[in-house]
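The values are calculated or read from the model by the stated rules, or taken from the named source; none is laboratory data. All figures in this text were calculated on a predicted structure; none of them were measured in a lab. Please note: Cβ atoms are built from the backbone with ideal geometry, for glycine as well, and neighbour counts cover all protein chains shown.
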Amino acid sequence: MTETAFLLIKVEHNTPAEVARLLRALPGIDEAHAVMGEYDVLAVIRAGATRDIASLVDANVRTIQGVARVVTCVTVPA
């Protein structure tokens with residue numbers, strides 16, 4: 001079963017549009033958008049398991065220049 005999570009990202013020293021563009025090039029990222037509000041970028045990530053989401057975020061998302069904070073919201077079936 002595929003797991004889905006929403007990533008709420010705060011950006012420093014880079015533009016939200018640039019971070020969103022870089023995110024869209026990563027494996028597992030289905031969508032990434034610059035947004036207005038408390039967070040600068042909203043992304044949707046899908047992976048085979050929750051632990052895979054955590055690994056992708058740690059290895060790929062947090063390493064992008066300018067990413068200051070990532071909040072990962074894993075969805076649960078309703």
Where residues in segment 17-57 are more than 10 Å from the chain's Cα centre (by Cα) and of a type in the set (Asp, Glu), which of them is nearest to GLU3 (Cα to Cα)?
ASP52
Lone qualifier among THR75, THR2 - being surrounded by fewer than 14 Cβ atoms within 10 Å (Cβ to Cβ) and at pLDDT below 95:
THR2
Considering every residue within segment 47-61, establish whether at least one is of a type in the set (Val, Ile, Thr), in contact with a strand residue (DSSP E or B) (Cβ under 8 Å, 6 or more places away or on another chain), part of a strand (DSSP E or B) and modelled with pLDDT of 95 or more.
no
Can you work out which of the residues in segment 6-40 that are touching a residue at least 40 places away in the same chain (Cβ under 8 Å) and under 23 Å from THR50 (Cβ atoms) is surrounded by the fewest Cβ atoms within 10 Å (Cβ to Cβ)?
PHE6
